[in-house]
Amino acid sequence: MATIPRLRDDLRGLAPYAVGKDMAPVRLNNNENPHGPADGMTNRLMRAVRESLATINRYPGGSPERLAAALAEYVAPWCRSENIWPGNGSNEALLYLLLAFGGPQQKAMLFAPTYAMHEQLCRITATPVAVVARDDDFALRAEAAAAAMEEHEPTLVFLCSPNNPTGTPLPPDVIATVLRYEPSLLIIDEAYFEYSQLPSAVSLVRDHPNVVVARTMSKAFAFAGARVGYAVGHAQVCAELQKISPPYRMSTITEALAMAALEMADLIPAQVAMALSERERVRTELESLGYRVADSDANFLLFGTVPDDHAEYEYYRDRGVLIRNVGPRGWLRTAIGEPAENDSFLACAAERRRTSRSVRFMQEGPACTV
Ligand SMILES: *Cc1c(COP(=O)(O)O)cnc(C)c1O
């Protein structure tokens, strides 16, 4: 009798990345842009798909370079297609970065709580990883980064700017500090850079071949379902990623959709502006209800603290609002949705505050547990 193949020993106990399966009318659990495509945009996307179907019997040809060129144009005037590695979501870019540059000989470091996939991808690629706790306000400061670099001497460093799930900004002096220690690779995850008040780190790529910026069209571009992300790096780095890529990795349809969406990038600033003004409205309201809210440079807020974040999650879910409790214990994350969705969320928060006399709203949160 054959037996079930055994997962690699070092992966024993690994749990899949937790994707929420609950459904509710108001979905603020994935930090998505709440705006579906406007009618005009849907028509252009349809046209792009229809045209790409004419050659769907063929392997994708030529268009990866076209997509890389279009992404380069979006990134910066100096950026060339050689500096771009497009992927099926930025998670794929992160995976290939670790496949190419990680592994047992390396030592990665990240500052938790942060995007759970960073640690997960280290484990999958057998890359040892040091997990350093952020300060109690979830900020990352240059002194703390320097101390961590000294203590752990990592070869591969993850920074997330702004950081998910906390929303906290990444001060540029933290990046400068990390670079002074010359790690062989610094990955800066900029999934939310369109919402940030700080300059993007992409320009560092010009002078620092060890810097790679990972980006996505899943958030501000409102394109999470299309699965498009990209790495911005030195041409040689992107060439190495290409070496380990299977041919025809991205579908003709994905590429066509991404190209069409990039042509409509000028729709983004207005949606970002709405998200930021709504974010401040939601923050003010949460604070006036007595919640603590972490500093946010993105389209979501981390708030707390509550004794039982899972019970809190369920309370909102049962009232039709999905939020997320993947963050530190006692804290919850909500994305900024359309104004009416934010109102639904705030109504839950207010009701919870009013009705749960048994719930003790703590003045001081528990120390950040990761
Ligand atoms: C959402 C998110 C991603 C996006 O991944 P995709 O695969 O592009 O959808 C990457 N990094 C962070 C920090 C995120 O929050």
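The values are calculated or read from the model by the stated rules, or taken from the named source; none is laboratory data. From a predicted model like this one, the values you see are computed outputs, not experimental measurements. Quick reminder, even Gly has a Cβ in these numbers, built from the backbone with ideal geometry, and neighbours come from all protein chains shown. Heads up: the accessible areas ignore ligands, DNA and RNA and are worked out on the full protein's heavy atoms, side chains in. Shrake-Rupley method; radii C 1.70, N 1.55, O 1.52, S 1.80 Å.
Each Lys or Arg adds one and each Asp or Glu subtracts one; over the other residues with Cβ under 10 Å from the Cβ of residue 34, this totals -3. Quick one: Kirkwood hydrodynamic radius for region 40-156, alpha-carbon pairs, angstrom, one decimal? Computed over region 40-156, the radius equals 17.5 Å.
Of the accessible area of region 96-232, computed with a 1.4 Å probe over protein heavy atoms only, carbon and sulfur atoms account for 51 percent. Spatially, region 304-353 and region 60-110 are offset by 34 Å when compared through their Cα centroids. Residue-normalised convex hull volume from the C-alpha trace of region 120-277: 137 Å³ per residue. Among the chymotrypsin sites (Phe, Trp or Tyr not before Pro) within region 10-79, those in coil by DSSP and having at most 16 neighbouring Cβ atoms inside 10 Å are 17, 78. As a size descriptor, the averaged projected area of the C-alpha convex hull of the chain was calculated at 21.2 nm².
Note: region 1-96, Cα convex hull, 259 Å³ per residue. Candidate cross-link partners of residue 243 among the aspartates and glutamates, defined by an alpha-carbon separation under 19 Å and a same-chain spacing of 8 or more, comprise 65, 82, 92. Only bridges whose two residues both fall in the chain count here: according to DSSP, what percent of them are antiparallel, nearest 5? Antiparallel: roughly 45 percent of the beta bridges in the chain.
Per residue, the solvent-accessible area of region 42-263 (1.4 Å probe, heavy atoms of protein chains only, all protein chains present) comes to 42 Å². Across the chain, the longest piece that holds none of the GluC sites (Glu not before Pro) lying in DSSP loops with up to 15 other C-beta atoms within 10 Å covers 1-262.
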